[in-house]
Amino acid sequence: MGRAPRFWTAETVALIKKNFVAVSVSNYDQNRQDAVGQFVRDSGMKFPGAGGSHWFVTANGKLLGRNPKEALVRWKAIPSSERAPGAVHVGELGPVDSKRAAPTPPAGTLIVKLHYRAFMHAKDGGLRYVTGADLWHDDSGKKTEAALEGAYPGAITTPQAQPDHMWLSRAEWQSLMPAKPHKGDKFPVPAAVANRLIRWHLNPLFVYGEANPLSRKEVRAAEMTLTVTAASANVVRLRLDGFARLGKEFPPAVKTSQRVCLDQWGYEPRLLGYLEYDPRKQVFTRFDIVALGDHFGRLGICDSAARPGRQPLGIAFELVTNDAPAERIPPGRTIPARTYFDATK
Amino acid sequence: MFHRGVLLSGVFLAVLSAPALSEQDLGPANFAALHRQIKPQPGESRWMEVPWLIDLHEARQKAAAEGKPIFVMSGGGATAIGPC
């Protein structure tokens, strides 16, 4: 269910925005040994590991069902004295189960929003977005997502752009800025930042769901440099250039044919980025990067859909400048995110 | 997340027809266009239009204070609106 378009109609979005407090959780929350986990278990909600789920519930844990319109009817059937603002008392959270709760960004963290996007080579040589017919679940192409649409109407079609976040600690983002920048200065992206960006955020498997950071062996080659393109008292501009060769080399069969690879993958993006730094405020004000290149093989770790041959895959990075809760979601999967800042991992 | 996608609605189809740039176009002149092209397009991911909280306890407190019920969306491996 999750993000399935059959659920997320314009009408449903409006209904939820007007009448409900919306919260996104992970399946780990149901096992938390704290007030959150207890609330989930007491209410009767069950969070599956794959596919996601929708639930409607009151602040004191009474289930209202799984359909927004029906939930609203049930909500309104509750005596108004129990529904009024302030009628329910929710106590303090108390000790948090830090083994299962999602980590939060440490103070001073620079947060960058990412979106992953699978494209197809268009006949005119450009890029086009993927459709369900492009995504194969077997090597013959008989089992495409378009074919599966009959079994799961409105649930399986084109992959949406997949969000994620990159975090840079204060020391890491400060390391990107030379002490005395001069136009024309060129230097490698510091190793800790390069390692983070490449292994956590150039993993193409994230385009179709949660994945793990790449192992060091999966990085065949990579290079990223920063060039100072402007330096004044008001602004320092940096251009990022780079490339990466990740996973396996393109097998000859996928170079020249319609064959897909469900058992391996490779990705060879080029990177271009524009960063801006305000020396007076000592903050980055722009952090735009594009990674774009050919990819082959499976997309994601869940169902291993693949596109025929070599096809483009892009990743867009941009600075988060608001404090919306949704922008504080940790990078990657909830549990591996605990080791995000550990350079030895 | 397995069943994740978008229907090829009329709105989204109009957007789908827009791309014309290629990987070789990644340069200063087309950087902004490619950056936009990768990001979510209008009508593609309507769930992104919702003002999500990501903490269930905070959601309970807000719901109680405002006199509203809670909508919970769960994901596997990560929070439902994250890399899930």
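Would you mind giving the three semi-axes, in whole Å and largest first, of the ellipsoid equivalent to the stretch A:191-273 according to its Cα gyration tensor?
Computed over the stretch A:191-273, the values are 31, 14, 11 Å.
Averaging the inverse of every distinct alpha carbon separation and then flipping it gives the Kirkwood radius. What is it for the stretch A:295-345, in angstrom units?
In the stretch A:295-345 this quantity evaluates to 14.3 Å.
Along the positive direction of the dipole of the stretch A:1-110 (beta-carbon charges: Lys, Arg +1; Asp, Glu -1; about the Cα centre), which of A:G61, A:G108, A:Q33 reaches farthest?
About the Cα centre, the residue reaching furthest to the positive side is A:G61.
Where nothing but the Cβ of Lys and Arg (+1) and of Asp and Glu (-1) is charged, how large is the charge dipole of chain A around its Cα centre, in debye to the nearest 20?
The dipole of chain A has a size of about 100 debye.
Per residue, what volume in Å³ does the convex hull of the Cα atoms of the stretch A:207-342 enclose?
133
If all Cα-Cα distances of the stretch A:244-314 are sorted into 10 Å bins from 0 onward, what percent lands in each bin, rounded to whole numbers?
20, 38, 19, 14, 9, 1
Over 5 Å intervals from 0, what percent of Cα-Cα pairs in the stretch A:36-95 sits in each interval?
4, 16, 23, 23, 20, 10, 4, 1
Cross-link partners among lysines for B:K62, C-alpha distance below 29 Å, same-chain residues fewer than 8 apart left out?
Once the sequence-local lysines are set aside, what remains near B:K62 is A:K17, A:K18, A:K46, A:K62, A:K69, A:K76, A:K99, A:K113.
Considering the stretch A:64-188, what Rg and Dmax in Å follow from its alpha-carbon atoms?
Looking at the stretch A:64-188, its Cα Rg and Dmax stand at 25.0, 70 Å.
Of A:L63, A:L262, A:L226, which has the largest mean-square fluctuation in a 10 Å C-alpha GNM of chain A?
Greatest mean-square fluctuation among the candidates belongs to A:L63.
Can you sort A:C261, B:C84 by how many other beta carbons sit within 10 Å, fewest first?
Listing A:C261, B:C84 from fewest to most nearby Cβ atoms yields A:C261, B:C84.
Ranking A:V73, A:V57 by Cβ neighbours within 10 Å, fewest first, what do you get?
A:V73, A:V57
Binning every alpha carbon pair distance of the stretch A:120-218 at 5 Å from zero, what are the percents per bin?
Pair shares across the bins are 2, 10, 13, 14, 14, 12, 11, 9, 6, 4, 3, 1, 0.
Provide Rg over Rh for the stretch A:1-54; use the alpha carbon set for both Rg and the Kirkwood Rh (inverse mean inverse pair distance).
Radius of gyration over Kirkwood radius for the stretch A:1-54 works out to 1.03.
State the Kirkwood hydrodynamic radius of chain A in Å, one decimal place, computed from all pairs of distinct Cα atoms.
Over chain A, the inverse of the mean reciprocal pair distance is 22.6 Å.
Every number in this text was worked out from the coordinates using simple rules, so none of it is lab data. For clarity, every value in this text was computed on a predicted model and none was experimentally measured. A quick note on method: Cβ atoms are made from the backbone with ideal geometry, for glycine too, and the neighbour counts reach across all protein chains shown.
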